[in-house]
2 protein chains.
Amino acid sequence: MQNFEFYNPTKIIFGKDSISKLSTEIPDNAKVLLLYGGGSIKNNGIYEQVKTALSNFEVVEFGGIPANPEYEVLLKALEIIKTENITYLLAVGGGSVIDGTKFLSSAALYEGVSPWDIISKFIRTEKGMPFGTVLTLPATGSEMNSGAVITRKETQEKFGMGGPGLFPQFSILDPQAIHSIPKHQIANGITDAFTHVLEQYMTYPTQAFLQDRFCESILQTLIEVAPLVLENPYNHEAASNYMWCCTMALNGLIQKGVPTDWAVHAIGHELTAQFGIDHARTLAIIAPSHYRYSIESKKIKLAQFAERVFGVQTGTIEEKATAGIEKMEAFFHSLNIKTKLSEYTSEYQGVAERIESRFIARNWMGLGEHKSLTPADVKKIVEMSY
Amino acid sequence: MQNFEFYNPTKIIFGKDSISKLSTEIPDNAKVLLLYGGGSIKNNGIYEQVKTALSNFEVVEFGGIPANPEYEVLLKALEIIKTENITYLLAVGGGSVIDGTKFLSSAALYEGVSPWDIISKFIRTEKGMPFGTVLTLPATGSEMNSGAVITRKETQEKFGMGGPGLFPQFSILDPQAIHSIPKHQIANGITDAFTHVLEQYMTYPTQAFLQDRFCESILQTLIEVAPLVLENPYNHEAASNYMWCCTMALNGLIQKGVPTDWAVHAIGHELTAQFGIDHARTLAIIAPSHYRYSIESKKIKLAQFAERVFGVQTGTIEEKATAGIEKMEAFFHSLNIKTKLSEYTSEYQGVAERIESRFIARNWMGLGEHKSLTPADVKKIVEMSY
């Protein structure tokens, strides 16, 4: 186990009908900017619940934050924060709205020339404008961590940002939120959370026995509840487990003391940028190829995954490792998530080379838990995913 | 899964040689009261490491906090806090020193007549004097929660206290601390953490699949590393897992969304009060009897425990449940922890009646996850443990 630091001050308010608790979490005299996405919250009752809970506050609204929150859109919200003297932000949405809100939390208190500095100069946010969240789409874990991914449309790039000042003060998780989520988005959420765990688990053994088992616990639970929530999102127990798994998959806990990979995300982001494929689906495309390509360095954990998560008891380490990848693919397929790029687009030829070039053009740091994957390796992994 | 709230802002600094990070966690101008126990930290090098890390601070010391921290002793430390204008507390020790420090954190800012009010009137501490901890004995989890147990000697009673103001600001967990811990204390720590998990797990099923698996993860890991740390406390990987398991067993996470029991602790405290038996050993005495007595209501979880933690695959629910209790006893015995009261004292006759009387004399709320155990039930459980 490696040395680590763990800190996560976000208060989680979890359960049925918990949105009404909003009012006691926001300071009495706050002027609130309510941030949301495409407006689905106006159709599923969540908007009404939030407005009722905020009835004693002065509230300004900003809707329309898109999936993959765009810097240009967020600048308009930043303008409102300044002109309206907003003191508190409330994100009502999924990972995109919450990530966008984190950027705004940082930018609202940033004293430099341009808020783009926060991203381009990798400025770690020590203190942001306080904010809370009401989670409407379990997937990214952003409701209980201090990181965000912001998109700049003109360059087709996604940029990470974060810092200890960007934890939500509170996050409200009502599993009833999933009642109205389209099935393909629930499948995306499960795939996203599942892959978040894999990025922190599928590396090499470090005798972090507890962390390994926590990872396997989340994976097993997602596998157990996935068919239940997809069949019936009103299954409250299944929905609750799905929602809590997504949060625990990326709130920092399971990554402590262990190496992490994140190559699947780095490569997957490129497929979203080039083809507009849903984030989660790009992960399901890349993960199997990455694990096959890197099987020599990952085979012990892949075999452990096959044994403990899927009950594969026979075979050599190599056979179990291969079985683990196949079981993972079969799980994605069971969610109706396709795992080959050619199943999403017919224009995939040449993309491996284009991604290789884009990676070469950056200040390349290496990918994977050993930082050993080169742009040429990435090219091969993408080709394997065709 | 039940509705829940989770909040835990303690920063964990975990790993080899982490005590030196103390200085950056305490505010620059703090006047620190360094609190410790019987003085073992002066023999194992930890005192020196702490003093070195604190070299730029004004530090006053208070040693001698006993196991089961006593109110009367703590009042002397409180006097020092006031006369010396202390602004920050640093607990260096195990659960007793940390619990005592939590009482002092609360009492230092208490504005009422007597600090005893905090305990006798169940006053929840919303704000305490800030404090950090350096953990020297993994067991109680107090380093990452907001609760404490304080003993009043004259009445042979233990009282719980707590509140959101009593989380340590930081806790430093260096697994090297266990190098010098006597074996029987390591065995106690493992037993304490193991039973903490059981109190939050061994109830009835609530479809909290993730919480169940997290509990089983901690139990399995403790079982895996127990023989390793007992054989060689210098086994850093085993020590790290042991230490992290103890913290995760009682930092609030695994109890969220599920019923909890805590009858084993309530009854065990009485055995410590009457016979001075180590806290952890009283848990190993009571747990098997409690689970046998309550097998009808706990058998589903007992069987799940037998299956998932100990690999018991055959038998009826009842047979698996019984096997689970036997495997648990065998685990305690493997730590050289005896599980019968008569193995600790020859003067056990009549204690069941005495405990029954003491429980009757209190404002009885019922014990167990259903609050259904009466003093008469407790009497029978204690008799079964003879």
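Across segment A:247-256, computed HN-Hα scalar couplings (Karplus, 6.51 cos²θ - 1.76 cosθ + 1.60, θ = phi - 60°) run 5, 5, 5, 9, 9, x, 4, 6, 8, 6 Hz from first to last residue, x flagging Gly and Pro. Listed by Cβ neighbour count within 10 Å, with the fewest neighbours leading, A:His184, A:His265, A:His333 appear as A:His333, A:His184, A:His265.
One decimal place: the segment A:Val113-A:Asn363 gains 87.6 nm when fully extended, by the rule 0.36 nm per residue minus the C-alpha distance. With a ≥ b ≥ c the root eigenvalues of the C-alpha gyration tensor of segment A:284-386, is it rounded (a/c under 1.5), prolate (a/b larger than b/c) or oblate? Oblate. For chain B, find the longest principal axis of its Cα atoms and tell me its angle to the long axis of helix B:317-334, 0 to 90°, nearest 10. On a 0 to 90 degree scale, this one is about 40.
Take A:Lys153, move 7 Å from Cα toward the beta carbon, and the resulting point lies 7.4 nm from the same point in each other copy, nearest first. Entry note, segment B:295-386: relative contact order of 20 percent, from Cα contacts under 8 Å with a spacing of 6+ residues.
Entry note, chain A: relative contact order of 15 percent, from Cα contacts under 8 Å with a spacing of 6+ residues.
Find out how many positive minus negative residues lie around B:Phe209, taking Lys and Arg as positive, Asp and Glu as negative, among other residues whose Cβ is under 10 Å from that of B:Phe209.
Summing Lys and Arg as +1 and Asp and Glu as -1 gives -2.
Full extension of the chain segment joining B:Tyr234 with B:Thr316 gains 25.3 nm, where the gain is 0.36 nm per residue of separation less the Cα-Cα distance.
Centre-to-centre separation between the Cα atoms of segment B:288-309 and those of segment B:109-182: 31 Å.
Ranking of A:Lys51, B:Lys371 by neighbouring Cβ atoms within 10 Å, starting from the fewest: B:Lys371, A:Lys51. The alpha carbon radius of gyration of segment A:128-176, expressed as a multiple of 2.2 N^0.38 Å, is 1.30. Distance to the B-onto-A rotation axis is smallest for one chain B Cβ; residue and value in angstrom are B:Pro9, 2. Between A:Val312 and A:Glu307, the built amide H atoms are under 5 Å apart, and every one of these is 5 or more places off in sequence or on another chain. Does anyone have the angle between helix B:263-275 and the longest principal axis of chain B? Alpha-carbon axes, 0 to 90°, nearest 10? The two axes meet at around 70 degrees. Working from Cα pairs under 8 Å separated by at least six residues, relative contact order for segment A:135-244 is 28 percent. Close amide H contacts of B:Thr136 (hydrogens built in the peptide plane, cut-off under 5 Å, sequence separation of 5 or more or a different chain): B:Gly93, B:Gly94.
The ranking of A:Ser357, B:Ser18, A:Ser240 by Cβ neighbour count inside 10 Å, starting from the fewest, reads A:Ser357, B:Ser18, A:Ser240.
Put a plus charge on the Cβ of each Lys and Arg, a minus charge on the Cβ of each Asp and Glu, and nothing anywhere else: the dipole of the protein assembly as shown about its Cα centre is then about 40 debye.
The orientation-averaged shadow of the Cα convex hull for segment A:11-176, equal to a quarter of the hull surface, comes to 8.7 nm². Label points for A:Trp116 are taken 7 Å from Cα along Cα→Cβ. From this copy to the others they lie 6.9 nm apart, shortest first. In straight-distance terms, cross-link reach from A:Lys298 covers every one of the lysines whose alpha-carbon lies under 25 Å from its own, apart from those fewer than eight places away in the same chain; here that gives A:Lys256, A:Lys320, A:Lys327, A:Lys338, A:Lys340, A:Lys371, A:Lys379, A:Lys380.
With its label point put 7 Å out from Cα toward Cβ, B:His370 sits 5.7 nm from the same residue's point in the other copies, in order from shortest. When we measure straight from the Cα of A:Lys76, which aspartates and glutamates land under 13 angstrom away, once same-chain ones fewer than 8 places off are left out? Reachable aspartates and glutamates: A:Glu61, A:Glu84.
Here the convex hull built on the C-alpha positions of the protein assembly as shown has a volume of 167 cubic angstrom per residue. Other residues with beta-carbon under 13 Å from the beta-carbon of A:Leu54 carry, at +1 per Lys or Arg and -1 per Asp or Glu, a net charge of -2.
With respect to chain B, whose longest principal axis is taken over its alpha-carbon atoms, helix B:279-293 is tilted by about 30°.
Taking each DSSP H run with n ≥ 4 as -39500 (n - 2.57) and averaging over every residue of chain B yields -15000 deg cm²/dmol at 222 nm. Taken about its Cα centre, chain A carries a charge dipole of about 280 debye when Lys and Arg each add +1 at the Cβ and Asp and Glu each add -1 at the Cβ.
Residue by residue, segment A:44-49 carries 3J(HN,Hα) couplings of 10, x, 5, 4, 4, 4 Hz when phi is fed to the Karplus relation 6.51 cos²θ - 1.76 cosθ + 1.60 (θ = phi - 60°); x denotes Gly or Pro. Answer rounded, prolate or oblate for segment A:1-98, using the Cα gyration tensor with square roots of eigenvalues a ≥ b ≥ c: rounded when a/c is under 1.5, else prolate when a/b is larger than b/c, else oblate. Rounded is the answer for segment A:1-98, as its axis ratio a/c remains below 1.5.
Bear in mind these aren't lab numbers, they're just calculated from the coordinates by the rules spelled out. Just so it is clear, the model here is predicted, and its values are computed rather than measured. For neighbour counting, all protein chains shown are included, and Cβ atoms are generated from backbone atoms with ideal geometry for every residue, glycine included.
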